[in-house]
1. Restricting attention to the stretch 1-37, report how many residues are touching a residue at least 24 places away in the same chain (Cβ under 8 Å) and over 27 Å from VAL49 (Cβ atoms).
2. Could you please tell me which pairs satisfy a Cβ distance under 9 Å, a separation of 6+ or placement on different chains, a first residue in the stretch 38-65 that is free of Cβ contacts under 8 Å to residues at least 60 places away in the same chain, and a second residue that is among the basic types (Lys, Arg) and not in a helix (DSSP H, G or I)?
Amino acid sequence: MGAGASVNKMWQVKLGQALGKKRYQALGKQPFYIYVCAGLTFSYFTVAVTCLWVDMAQLEGLSARLGVSAGGRNV
């Protein structure tokens, strides 16, 4: 979780430097940007929590059932 928070903060700082303060604040008010950021946050949190509560055998079974959509191979 700490790595995710660090990457997020680095993204904010670098994007703020690249765009400038006013353009960065304007981007932060765009609905598409808000939804993409919320989706990424939810996805990262879900993966992090899943890794804490699911053991490797369950994770492999889930990956096998989901197949290509989970980034695994169809078995």
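1. The total comes to 0.
2. Pairs that qualify, where the first residue is free of Cβ contacts under 8 Å to residues at least 60 places away in the same chain and the partner is among the basic types (Lys, Arg) and not in a helix (DSSP H, G or I), are SER63/ARG73; ALA64/ARG73.
Computed from the coordinates by the stated procedures, all read-outs in this text should not be read as laboratory data. Fair warning: this is a prediction, and the values are worked out from it, not measured in the lab. Cβ: placed from backbone, ideal geometry, glycine included. Neighbour counts: every protein chain shown.
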